[in-house]
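Worksheet: one structure, shown below.
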Amino acid sequence: MAAENSVETGQKSERSLLISADDLAVLIGVSTRTVWRLLSSGKLIEPVRLGGNVRWNRSHVEEWIENGCPAAMNSNSTKQASAMREQH
């Protein structure tokens, strides 16, 4: 499978379906540490966890960016929002 140029990771450019925190940081122009902070604060879409690896679906990230990077609701936020709706 031939690689397409897209995310530049320092050594080579390639386009993959799942991207790492380092690649995501390059894509959105922040540090890797900021990626983890955004995720912890619920401002970043949820990643895919594969064993000990954490990756983001590239097409979901691109869609998230196109939509203006809206805050994502993580599973805890979703549970809290559902509980609040049930109370009202």
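The values are calculated or read from the model by the stated rules, or taken from the named source; none is laboratory data. Computed from a prediction, not measured in an experiment: that's the story for all the values here. Neighbour counts are summed over all protein chains in view; Cβ atoms, including those assigned to glycine, are modelled from backbone coordinates with ideal geometry.
A search for C-beta distances below 6 Å between a residue of the range 1-28 that is loosely packed, with under 12 Cβ neighbours inside 10 Å and assigned to a loop (DSSP other than H, G, I, E, B) and any residue that is modelled with pLDDT under 50 and of a type in the set (S, T, N, Q), counting only pairs 6+ apart in sequence or on different chains, returns Asn5/Ser13.
Applying a threshold of 7 Å to beta carbon distances and a minimum spacing of six or more residues, or different chains, the list of pairs starting in the range 45-62 at a residue that is under 20 Å from Ile28 (Cα atoms) and ending at one that is of a type in the set (S, T, N, Q) and part of a loop (DSSP other than H, G, I, E, B) reads Glu46/Asn74; Arg55/Ser20; Arg58/Ser16.
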